[in-house]
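Heads up, the thing below is written out as structure tokens.
The values are calculated or read from the model by the stated rules, or taken from the named source; none is laboratory data. Just so it is clear, the model here is predicted, and its values are computed rather than measured. Here the Cβ positions follow ideal geometry from the backbone for every residue, glycine too, while neighbour counts run over all protein chains shown. Ligands, DNA and RNA are stripped out before the accessible areas are found, and what is left, the full protein with its side chains, is counted by its heavy atoms. Shrake-Rupley method; radii C 1.70, N 1.55, O 1.52, S 1.80 Å.
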Protein chains: 2
Amino acid sequence: MNDEKNLTIQDIAEKAGVSIKTVSRVFNNSPNVRQQKRDLVLGVARDLGYRPNISARQLASKRSFVLIHFYDNPNMDYLSGIYDGMREACSEKGYYAVAERLSSQNRSYKDSLLDYLTRTPVDGVILSPPISDDKAVIREIEKRGIPCSLISPGIKKRHCINVFIDEKTAGRKMTEFLIERGHTKLAFISGLDTHTASSQREAGFWSAIEAHGLKRKDMMRIGGDFSMQSGFAAFEALAKSKTRVTGVFAGNDEMAIGTIIAALRTGMKVPEDISVVGFDDSAFARSMWPPITSLAQPIEEMAKLSTRKLIDWIDTKERIENDFEFPTEIMVRDSCP
Amino acid sequence: MNDEKNLTIQDIAEKAGVSIKTVSRVFNNSPNVRQQKRDLVLGVARDLGYRPNISARQLASKRSFVLIHFYDNPNMDYLSGIYDGMREACSEKGYYAVAERLSSQNRSYKDSLLDYLTRTPVDGVILSPPISDDKAVIREIEKRGIPCSLISPGIKKRHCINVFIDEKTAGRKMTEFLIERGHTKLAFISGLDTHTASSQREAGFWSAIEAHGLKRKDMMRIGGDFSMQSGFAAFEALAKSKTRVTGVFAGNDEMAIGTIIAALRTGMKVPEDISVVGFDDSAFARSMWPPITSLAQPIEEMAKLSTRKLIDWIDTKERIENDFEFPTEIMVRDSCP
DNA sequence: ACGAAAAATGACAACGTTGTCAAACGACTT
DNA sequence: AAGTCGTTTGACAACGTTGTCATTTTTCGT
């Protein structure tokens, strides 16, 4: 119901009886503004429904207000979770969220990163696995003095913001879930070794086995690569072996789907003959038949916090905390009820 | 190897011996610049590696250089195809690509559109199904005078750019593919009725049946909703019926996957006992086991052209052509070889 | 209560582009 | 050759913000 005219800092300044510059300072969280004026300005701005003009800001400050998420993960579910979280946090603070694929297939992928960073001015970077483990990439970003936030890094970096779940504990939790349901012969389908999180999940798997006094020789470890096909292949390996496993822990949902399809083909029933659990709680895990029990991480929340802290860092030029851990939850569904 | 300093129009103007304004005109494809000067300026700019400053452009021209894609389609594969196409076309012309979900679940989704359009200045809009069929949405955009491009609209709009495939012919082509492989008893699993393209595919299906002299009563038509689950349910309906169909045409890949999984569960073999074909050629169609024969449309190319034409329209304020049809291709895979 | 130092504030010039409008130029007509 | 009209060009002021630096106000130690 407000008038359409675009408000400027000028309008706010007049209404509040302060100078333009003071208003500017308030909106940039600059120090050296009396709290009383800060509140006054903020109040007036809210009343009038003022929104800063980003272009003008960019032009005058030579900052871009662009945060970029570099990824190389074909899982669209995960990506859009991150993107949504980023976007929400960005719009709170007048930043732009951009996502850019940095394919490690591409031989010159480091070059294309450098290209990107020199071409487009970028105020902050968010990396997700497996790139959050790429030291060369992180070094280049650091060298340019660009604040950087890592999502689920294998090793936490002191010079970055780290946002993560405890992968090992999650892996252990999932394994214990299987054990509690009476499964004593288990298989673990791993992901790619370049994906540190995957090894940590596996460590959790073995730690649960040990803690519950199960025998290592009753367990199978099959190497996968996160693809549906590798889950399919994993089941075939399982079927050939002497060990009769009744519970399968797949390193992600896609491999879980592959495993289930392969099992169905041989006439086995899920979960009656074999139980399968996944990891990531993707949309396909929910819509598969049977729906797949999977470990959910609050990826959108993680991305949101990651972005907020990154923006704080950019705005204030200092980091208070580095590390933020998030809880996980097992979504119990029919594939292992 | 160039110096790092950011070039401005000023630099180009000096080097070329013309005024700042003339350079500006050249970069905006404004009329009334002598061809000779135009070439000169363009040449100098290329030599120096000049790139216009978008923020300054936005500020001075009050345009946003933002194109927005409104979607409400959970298929990430399709979406990222569109996004990639948009992005490429945008970066050619210095525009920004933004994607925004406009959920029809949300009761007030038209409001959120209006909100968006009034909040953020937007120079052009791209709509994909099912939103490209929403007259109310299109009307609101038109009312604001924002150029609009539709991807695969059910009915082509004269005031918009339309980019599409011939859905009916595609449906017919796919059906004939099944018929040529000896299937005479077929099932068609439809998508949501709100999705006009789906009905057109179905029309193609029936036209092929008729053209090949097959009997309508040997055919089954099952209503689905594009979800994996509905594909699953469709197979169960199929199994219950008396008609023994050997070929299934699913309205999209997800329903094809559901159908296949359901078939596998009953011990049937695909494609030996039943052949299934899908539509869209999504990543899951490729990585499913068996991989699914599916109809591919060049969605990325379509989005790219759509975007280019939209930008032309914005820049020149006129549209030469409205309609652009693209070819399709059947990707033959194991689910119906 | 006084001065010195620190904190808060403001005036004004950037930032790199486009819009406006007036001036210069060219091609015609007479 | 002068006059007319359309085309091409350019000077200069926006656009809405931040950076710089000078000025004012507050705080604090004595």
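See the values below:
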| item | result |
| --- | --- |
| Neighbour cut-off at most 12 other Cβ (10 Å), DSSP loop, trypsin sites (Lys or Arg not before Pro), segment B:57-105 | B:LYS62 |
| 10 Å Cβ neighbours from other chains, averaged over peptide A:54-60 | 6 |
| Residues of segment A:309-324 with amide N under 15 Å of a point placed 7 Å along Cα→Cβ from A:SER30 | A:315-317 |
| Accessible surface, per residue, of segment B:9-52 when the full set of protein chains is kept, probe 1.4 Å, Å² | 65 |
| Surface share of carbon and sulfur [accessible, 1.4 angstrom probe, percent] for chain A | 48 |
| Nearest-0.05 FRET efficiency for B:SER207 and B:THR266, computed from C-beta distance (R0 25 Å) | 0.20 |
| Charge dipole (debye, nearest 20) of chain B; +1 at Cβ of Lys and Arg, -1 at Cβ of Asp and Glu | 800 |
| Spin-label proximity, A:LYS62 to segment A:310-324 - amide N less than 20 Å from point 7 Å beyond Cα toward beta carbon | A:314-318 |
| Segment A:167-296: C-alpha gyration tensor shape, a/c 1.5 cut-off, then a/b vs b/c | rounded |
| Low-density loop cleavage sites - trypsin sites (Lys or Arg not before Pro) in segment B:288-336, where at most 11 other Cβ are within 10 Å (DSSP) | B:LYS317 |
| Principal axes of chain B: Cα extent on each, largest first, Å | 82, 44, 35 |
| Electrostatic dipole magnitude of segment B:253-325 [Cβ: Lys, Arg +1; Asp, Glu -1; Cα centre; debye, to 20] | 240 |
| Shielding by partners, peptide A:287-300 (average Cβ within 10 angstrom, other chains) | 2 |
| Backbone HN-Hα couplings from phi across segment B:96-102 [Karplus 6.51/-1.76/1.60, Hz, Gly and Pro as x] | 10, 9, 10, 10, 9, 7, 10 |
| 3J(HN,Hα) from dihedral phi, segment A:328-336, Karplus parametrisation 6.51/-1.76/1.60, rounded to Hz, x for glycine, proline | 10, 8, 8, 8, 7, 9, 5, 5, 6 |
| Nm distances between copies for B:SER91, ranked from closest, using label points 7 Å along Cα→Cβ | 2.5 |
| Accessible area (Å², per residue) of segment B:260-304, counting only protein heavy atoms and a probe of 1.4 Å | 30 |
| Simple Cβ-charge dipole of segment A:167-296, Lys/Arg +1 and Asp/Glu -1, about Cα centre, in debye nearest 20 | 500 |
| Distance from segment A:147-171 to segment B:306-337 (C-alpha centre basis), Å | 42 |
| Cross-link reach list, lysines versus A:LYS240, counting only Cα pairs under 27 Å and skipping chain neighbours closer than eight places | A:LYS185, A:LYS215, A:LYS217, A:LYS269, B:LYS269 |
| Full-stretch length increase - B:ASP47, B:HIS159 - with 0.36 nm per residue and alpha-carbon distance subtracted | 36.3 nm |
| Descending principal axes extents, the protein assembly as shown, alpha-carbon based, whole Å | 77, 68, 53 |
| FRET efficiency estimate (nearest 0.05) - Cβ-Cβ, B:GLU92 to A:ARG139, R0 30 angstrom | 0.40 |
| Label point 7 Å beyond Cα along the C-beta direction, distances from A:ARG144 to other copies (nm, shortest first) | 3.2 |
| FRET efficiency for B:ALA237 and A:ASN73, using Cβ-Cβ distance with R0 set to 45 Å, rounded to 0.05 | 0.75 |
| Inverse mean reciprocal Cα-Cα distance (Kirkwood Rh) of segment A:28-131, Å | 16.1 |
| Shortest-first distances to equivalent copies, position A:ARG38, nm, label 7 Å out along Cβ | 5.4 |
| Amide H within-cut-off set for A:LEU192, under 5 Å, with H built and near neighbours excluded | A:PHE226 |
| In segment A:172-230, the chymotrypsin sites (Phe, Trp or Tyr not before Pro) that fall in loop regions by DSSP, at most 13 other Cβ within 10 Å | none |
| Ratio Rg/Rh [Cα only; Rh per Kirkwood] for segment B:279-337 | 1.22 |
| Antiparallel bridge percentage (DSSP; both residues within chain A; nearest 5) | 10 |
| Cα-derived Rg over Rh, computed across segment A:9-52 with Rh taken as Kirkwood radius | 0.90 |
| Set of lysines with alpha-carbon distance to A:LYS317 below 29 Å, sequence-local pairs under 8 removed | A:LYS21, A:LYS37, A:LYS62, A:LYS93, A:LYS110, A:LYS135, A:LYS143, A:LYS156, A:LYS157, A:LYS304, A:LYS309, B:LYS5 |
| Exposure of A:THR307 as accessible area (Å², to 10), given a probe of 1.4 Å and all protein chains | 0 |
| Residue of chain A whose Cβ sits closest to the axis mapping A onto B, with distance in whole Å | A:MET76, 2 |
| Amide H contacts of B:CYS148 (H built 1.01 Å from N, under 5 Å, at least 5 apart or other chain) | B:VAL125, B:ILE161 |
